[in-house]
Protein chains: 4
Amino acid sequence: MNDSGQGPGSSARPKRKDAQRNQQTLLEAAASVFVTSGVEAPVRDIAAKAGVGMGTIYRHFPTRADLVIAVYRHQVDACAEAGPTLLATGPTPHAALGQWVDLFVDFLVTKHGLAAAMQGEGTGFETLHAYFLERLLPVCTQLLDAATASDEIRADLDAYQLLRGIGNLCIGAESDPRYDARQLVALLVAGLRQPH
Amino acid sequence: MNDSGQGPGSSARPKRKDAQRNQQTLLEAAASVFVTSGVEAPVRDIAAKAGVGMGTIYRHFPTRADLVIAVYRHQVDACAEAGPTLLATGPTPHAALGQWVDLFVDFLVTKHGLAAAMQGEGTGFETLHAYFLERLLPVCTQLLDAATASDEIRADLDAYQLLRGIGNLCIGAESDPRYDARQLVALLVAGLRQPH
Amino acid sequence: MNDSGQGPGSSARPKRKDAQRNQQTLLEAAASVFVTSGVEAPVRDIAAKAGVGMGTIYRHFPTRADLVIAVYRHQVDACAEAGPTLLATGPTPHAALGQWVDLFVDFLVTKHGLAAAMQGEGTGFETLHAYFLERLLPVCTQLLDAATASDEIRADLDAYQLLRGIGNLCIGAESDPRYDARQLVALLVAGLRQPH
Amino acid sequence: MNDSGQGPGSSARPKRKDAQRNQQTLLEAAASVFVTSGVEAPVRDIAAKAGVGMGTIYRHFPTRADLVIAVYRHQVDACAEAGPTLLATGPTPHAALGQWVDLFVDFLVTKHGLAAAMQGEGTGFETLHAYFLERLLPVCTQLLDAATASDEIRADLDAYQLLRGIGNLCIGAESDPRYDARQLVALLVAGLRQPH
DNA sequence: TATGAATGAGCCTTCATTCAT
DNA sequence: TATGAATGAAGGCTCATTCAT
């Protein structure tokens, strides 16, 4: 059905070319607006930045969360995938955990308002929150388990709690030069270490 | 601060009592509304709860931050004053720091949306943020310094950073049963300890 | 509480004078707009016509149905009250029914889109519909019962059905010169008469 | 009407078959959507149901009324054609009228929102309205005339008026179990009978 | 010809803030 | 001084309709 009307001998998809370009434009515009105005920026602004109508945004991303997820999906995925790698190559599980956490913090700190938006329930970002958990919770759990198994850290912190804590520590980090989320997160991870 | 501008020996004193009562009513109503709807609750709701007009609120507290500060001033002050006491009576400076931090967390966690509201710049809560710093920064600094002096903790964390981190960790704590801000803050403070 | 601040010796309500005037203006504007654009006219239009902001309308009439009811309440009430009177003074119950129905038709026919708006469920006019029934159903029932008791009409039509039918017959009546709702309603009422 | 513009002996005939099939698909899809969502259903829904693009619908039926007419043409025609038959076979003209009216009501009542859509001027359904009149007015006139000629009914109701009244009485009939359009229409027709 | 992406007008609703009474 | 009515900017969302591919 999608292939009909296509010239003979061609193997490429015919129709969507402009739409794809548009989608790309949209993602870039959104990312850009998110940087300056946060992920709660008015739909109108994003549309304007992209040079499209608002309807176009709603078509591609029915929900604001859909848009945000699309904008950051690659980076979240990359972060998730880095976990096992770090665990395999790092000197110790605890060190791997530290490095992975740094990656996560780097991501969050550069996303204006992202960390903040994922808090609260009636905000419509539940989907986004869920996506983060779906991707990162298993990885974080794996890292924590490994570090626990090697007796490096205390066992009483679950991954959800850790992720949430890191997320919170990253709120507002990019706009306050006196605030260094990385240091605090490092402290948190240091606090995990077995007292002896 | 509220008394200045009132000439001594003025005959308008009786009037003031009314105003004070009104102010008190206002503070109680605001506190109550803050508990259920957060510190960003609509002005009208607060006015309704207090049984006064909105204009009255604006008269007494031109800015929302003014109102919030007034509501929590006593508790912030109490927290600030507890610092030296704990330091004097506690077994070690680091222990005193831990207890003081617990106090601060207890305060924040029970204030729906307070911690979140103090983040971000364009939110109009800069004054509130400033008040917290003005009162708590010296105390926190004193505690950190003492613990550093006694060689219990590393010296590379300044009080601003710590307060901000604690504040962030408290965001959304009351609405998520899976999230325990106290544990994370404890971890953070634990991370401060000297490796040996 | 509402009386304080009032000049001594006055017995009139102090504050609401302008609001009352405004409410009146609103009702008149709404009535006027309803005539030309129907009861589904945009809120903005009504506000513009009244020379007020939209918020003012929402304050006085949170729901569109509230506004419509307010606009037509007097007339509906008058219609309801006319029922018993006509029954008492009319030659026969059936004649009274006919006269009452004429009153109702006169009312509906002059209200652009009112009859149409009360149909359908997801339209937000349920309240309006309910108000009409609440006021007119008892009256209509009374008239029908009387006519039935005097053996003038068949007994198999209930008041709801009749009101609904009349309402429907009045739809679009004012805009089509070739259509005479009154005649049709008269026919309907005539059809009620006992075959013998 | 649809055939004009096609030269005889044209070689484009094969293409036409496609278009016809498409048109048929469209009509069925539209009919189906009309049943559930009414004749004002979003264009997109109809296109989706038919598995075609929206543009295709606009090509075949530039106006929504065009589509609706096409969907119901057969049934309207059948209704129109039933008139003379009933007149010829019925016991009396008035009985024939009653039966024909029943047919019309049956048709309307089962078409969600059709009756309502034909009211009002700015709705874009004028064409549809006109089509109904074009087909049914002559038939209805014939039936009324016959009944008048046989002295069964009063002569003062014209066919337009009657059709319009029936149409109105059918509005909203399928969604309200307490409302029985057939009974009311029967009453209306009964009311036509000569008092004696 | 068919497709469906894009457009954007149009409506709704909420609330911070001002200001007449 | 207190009140709360009025204002209107701000933002959300839905489709009918057009038009590039």
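Bear in mind these aren't lab numbers, they're just calculated from the coordinates by the rules spelled out. Small disclaimer: the values here were computed from a predicted structure and weren't measured. Backbone-built Cβ (ideal geometry, glycine too); neighbour counts: all protein chains shown.
Return the single residue from C:GLN142, C:GLN24, C:GLN75 with maximal mean-square fluctuation; model: Gaussian network over chain C, springs between Cα atoms under 10 Å.
C:GLN24
Output the 0 to 90 degree angle, nearest 10, between the alpha-carbon long axis of helix A:64-89 and the longest principal axis computed from the alpha carbons of chain A.
40 degrees
Return the long-range amide H neighbours of D:VAL39 (sequence gap of 5 or more, or a different chain), with a cut-off of under 5 Å between placed amide H atoms.
D:LEU114
Suppose R0 equals 56 Å. What FRET efficiency, 1/(1 + (r/R0)^6) with r the Cβ-Cβ distance, do B:SER175 and C:ALA95 give to the nearest 0.05?
The pair B:SER175/C:ALA95 has a calculated efficiency of 0.25.
Which one of A:ALA48, A:ALA29, A:ALA65 has the biggest mean-square fluctuation once chain A is modelled by GNM with Cα springs under 10 Å?
Highest fluctuation of the listed residues: A:ALA48.
Treating the point 7 Å from Cα along Cα-beta-carbon as the label, what are the nm separations from A:ARG44 to the other copies, to one decimal?
Ordered by distance, the counterparts are at 1.0, 2.1, 2.1 nm.
Indicate the gyration tensor shape class of the stretch D:64-192 (rounded, prolate or oblate), computed on the Cα atoms with a ≥ b ≥ c the square roots of the eigenvalues: a/c under 1.5 is rounded; otherwise a/b larger than b/c is prolate and the rest oblate.
In terms of gyration-tensor shape, prolate.
What FRET efficiency comes out for D:ALA149 versus C:ALA186 if R0 is 25 angstrom and r is the Cβ-Cβ distance? Round to the nearest 0.05.
0.60
What distance in nm lies between label points placed 7 Å from Cα along the C-beta direction at B:THR127 and B:SER32?
Going from the B:THR127 label point to the B:SER32 one covers 2.4 nm.
Which distance in nm do the two modelled labels at A:ALA48 and A:ASP156 give, with both placed 7 Å along the Cα-to-Cβ direction?
Output for this residue pair reads 5.3 nm.
State whether the protein assembly as shown is rounded, prolate or oblate according to the following rule on the C-alpha gyration tensor (a ≥ b ≥ c being the square roots of its eigenvalues): a/c under 1.5 gives rounded; otherwise a/b larger than b/c gives prolate, and the remaining case gives oblate.
Note, shape of the protein assembly as shown comes out oblate.
When the helices in chain C are scored as -39500 (n - 2.57) per DSSP H run of 4 or longer and the sum is shared across all residues, what 222 nm value do you end up with, to the nearest 500 deg cm²/dmol?
My calculation for chain C gives -21500 deg cm²/dmol from helical runs alone.
With +1 on the Cβ of every Lys and Arg and -1 on the Cβ of every Asp and Glu, and nothing else charged, how large is the dipole of chain D about its Cα centre, in debye rounded to the nearest 20?
860 debye
Along Cα→Cβ, 7 Å out, is where each label goes; now give me the distance between the ones at D:GLN24 and A:HIS74 in nm to one decimal.
Roughly 4.9 nm, to one decimal.
Pop out the ³J(HN,Hα) list for the stretch C:20-28 in order, Karplus 6.51 cos²θ - 1.76 cosθ + 1.60 with θ = phi - 60°, rounded to Hz; leave Gly and Pro as x.
4, 4, 4, 4, 4, 3, 4, 4, 5
Going by Cα centres, the stretch D:95-170 and the stretch B:136-160 are how many Å apart?
Result: 90 Å between the Cα centres.
Output wanted: per-residue J couplings in Hz (rounded whole) for the stretch A:166-178, from phi through Karplus 6.51 cos²θ - 1.76 cosθ + 1.60, θ = phi - 60°, x for Gly and Pro.
So the J values, rounded to whole Hz, are 4, x, 4, 4, 8, 5, x, 5, 6, 9, 10, x, 7.
About its Cα centre, how strong a charge dipole does the stretch D:13-62 have in debye, to the nearest 20, once Lys and Arg get +1 and Asp and Glu get -1 at the Cβ?
The dipole magnitude comes to about 420 debye.
5 Å is the cut-off here: which amide hydrogens, built 1.01 Å from N in the peptide plane, fall below it relative to C:GLY90, excluding neighbours closer than 5 in sequence?
Those lying under 5 Å, H to H, from C:GLY90: there are none.
Amide H of A:ILE153: which non-local residues (sequence gap of 5 or more, or other chain) have their own amide H closer than 5 Å, using H built in the peptide plane?
Answer set, sorted by chain and number: A:THR148, A:GLN194.
Under 12 Å Cα-Cα from B:LYS49, which aspartates and glutamates qualify once same-chain neighbours fewer than 8 residues away are excluded?
B:GLU28
List, in order, the whole-Hz ³J(HN,Hα) value for each residue of the stretch C:96-109 obtained from phi through the Karplus relation with A = 6.51, B = -1.76, C = 1.60 and θ = phi - 60°; use x for Gly and Pro.
Running phi through 6.51 cos²θ - 1.76 cosθ + 1.60 with θ = phi - 60° gives 4, 4, x, 5, 5, 4, 4, 4, 4, 4, 4, 5, 5, 4 Hz.
How large is the charge dipole for the protein assembly as shown, taken about the Cα centre, if only the Cβ atoms of Lys, Arg (+1) and Asp, Glu (-1) carry charge, to the nearest 20 debye?
Here the size comes out at about 1260 debye.
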